[in-house]
Amino acid sequence: MKPSLLLLPGLLCDADLWRPQSRDLPASCTVAEYGESRSIAAMAEAALAAAPPGPLAIAGHSMGGRVALEICHRAPERVQRLALLNTGCLPLPGGDAGAAERAARLRFLELARRDGMRAMALDWVQGAVHESRRPGPVVDTVVEMFARRTPAVFEAQIEALLARPDHSPLLPQLRCTTLLLTGSDDRLTPPETHAEMRRRIPGASHVVIGRCGHMAPLESPAAVNAALGAWLAA
């Protein structure tokens with residue numbers, strides 16, 4: 001029997017983010033949708049409600065990684081395997097760093113309201129996708145995913161991210177088979193972030209994919225699938 005793999009998309013993404021994995025991994029895949037959930041907790045509840053019964057392997061990308069950690073907090077008995085891709089575990093920082101993140105996110109929201117989701121996505125993707133893939137089909141896929149969303153959904157997800165919980169105390173408590181994966185050139189969640197998380201999670205493995213930015217499942221599907229395949233088999 002194939003394992004049940006719950007795939008959690010990141011900001012404004014949908015099943016297209018995980019298409020290379022849904023197609024090629026030896027697992028029965030379900031991609032979560034969050035609707036207009038306005039908190040990481042609500043996203044976790046929506047994902048669990050749509051998940052198949054029984055034990056789960058869970059892979060979360062970016063914001064979806066935070067949702068995955070929230071599921072581990074709420075329903076640890078459901079989680080047999082955990083893969084955290086291009087993500088973090090800390091809350092919004094205080095001081096100037098937090099103010100700068102808030103301002104950057106709200107700038108993108110204002111751009112989406114003023115010029116549309118597609119224009120915002122074309123701007124956002126410049127800091128997320130490795131320069132060797134700009135322009136190209138990865139950028140096209142990201143822009144089309146974002147364009148299918150609305151500014152209302154974007155606002156809800158920004159609200160969730162700005163109020164994100166601190167999951168760092170959870171990391172030493174994780175007892176599932178855990179993989180951390182990021183791109184060597186991910187500016188949003190760099191390898192150092194994942195290395196620190198790996199140090200705090202018992203027995204976790206850590207994969208860094210070269211010449212890859214923040215959108216690893218789309219940018220480097222073969223390398224991501226190899227890592228996830230080994231994680232599913234471990």
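The values are calculated or read from the model by the stated rules, or taken from the named source; none is laboratory data. What you see is a predicted model; the values in this text were computed from it and never measured. Positions of Cβ are generated from backbone atoms using ideal geometry, with glycine treated the same way; all protein chains shown enter the neighbour counts. Ligands, DNA and RNA are excluded from the accessible area calculation, which covers all protein heavy atoms including side chains. Shrake-Rupley method; radii C 1.70, N 1.55, O 1.52, S 1.80 Å.
To the nearest 20 debye, what charge dipole does the chain have about its Cα centre, counting +1 at the Cβ of each Lys and Arg and -1 at the Cβ of each Asp and Glu? Please list the in-between numbers first.
Values: 25 positive and 24 negative charges, 73 e Å.
The dipole of the chain has a size of about 360 debye.
Tell me the relative contact order for the chain as a rounded percent, counting alpha carbon contacts under 8 Å between residues six or more apart. Present the calculation step by step, with values, prior to reporting the outcome.
On the way: 445 pairs, mean separation 55.2, N = 234.
Relative contact order of the chain: 24 percent.
Over segment 1-89, what is the relative contact order in percent, taking alpha-carbon pairs closer than 8 angstrom and at least six residues apart? Mind dumping the intermediate values first?
Values: 162 pairs, mean separation 28.5, N = 89.
Here the relative contact order equals 32 percent.
Accessible area per residue for segment 183-226 in Å², computed with a 1.4 Å probe and the full protein assembly in place, what is it?
Details: 2010 Å² over 44 residues.
Counting only protein heavy atoms, the per-residue value for segment 183-226 is 46 Å².
Summing +1 for each Lys or Arg and -1 for each Asp or Glu, what net charge is found among the other residues whose Cβ lies under 12 Å from the Cβ of residue 194? Write down the numbers at each step before the final one.
Working: positive: 198, 199, 200; negative: 186, 192, 196.
Result for the local shell: 0.
Under a 5 Å amide H to amide H cut-off, with H placed in plane at 1.01 Å, what residues pair with residue 82 once short-range neighbours are removed?
Distant-sequence amide H within range of residue 82: 58, 177, 178, 179.
Nothing charged except the Cβ atoms of Lys and Arg (+1) and of Asp and Glu (-1): what's the magnitude of the dipole of segment 67-189 about its Cα centre? Round to the nearest 20 debye. Mind showing how you got there, number by number?
Working: 16 positive and 15 negative charges, 54 e Å.
For this selection, approximately 260 debye.
Take the Cβ-Cβ distance between residue 33 and residue 230 as r, set R0 to 25 Å, and report the resulting FRET efficiency rounded to the nearest 0.05. Kindly include the intermediate steps, with their values, before the conclusion.
Values: r = 28 Å, r/R0 = 1.11.
Efficiency for this residue pair is about 0.35.
Report ³J(HN,Hα) in whole Hz for each residue of segment 75-82, in order, from the Karplus equation J = 6.51 cos²θ - 1.76 cosθ + 1.60 where θ = phi - 60°; Gly and Pro get x.
For segment 75-82, the Karplus curve yields 9, x, 5, 7, 9, 8, 9, 9 Hz.
I'd like the carbon and sulfur percentage of the solvent accessible area for the chain, probe radius 1.4 Å, heavy atoms only, ligands and nucleic acids excluded.
On the chain, the fraction of accessible area on carbon and sulfur atoms equals 54 percent.
For helix 95-115, report the angle its Cα long axis makes with the longest principal axis of the Cα atoms of the chain; keep it between 0 and 90° and round to the nearest 10°.
70
Please list, in order along segment 4-18, the HN-Hα scalar couplings obtained from phi with the Karplus expression 6.51 cos²θ - 1.76 cosθ + 1.60 (θ = phi - 60°), rounded to whole Hz, x for Gly and Pro.
3J(HN,Hα) across segment 4-18, in whole Hz: 7, 10, 9, 9, 10, x, x, 3, 6, 8, 9, 4, 5, 4, 9.
Per residue of segment 122-135, in order, report the coupling 6.51 cos²θ - 1.76 cosθ + 1.60 (Karplus, θ = phi - 60°) as ³J(HN,Hα) in whole Hz, putting x for Gly and Pro.
Karplus-based 3J(HN,Hα) across segment 122-135 equals 5, 6, 4, 5, 5, x, 10, 9, 4, 4, 5, 10, 10, x Hz.
Arrange the peptides 57-66, 43-52, 196-205 so that the one whose residues have, on average, the most other Cβ atoms within 10 Å appears first. Spell out each step's value before the answer.
Values: 57-66: 27.8, 43-52: 18.3, 196-205: 16.5.
Order by mean packing, descending: 57-66, 43-52, 196-205.
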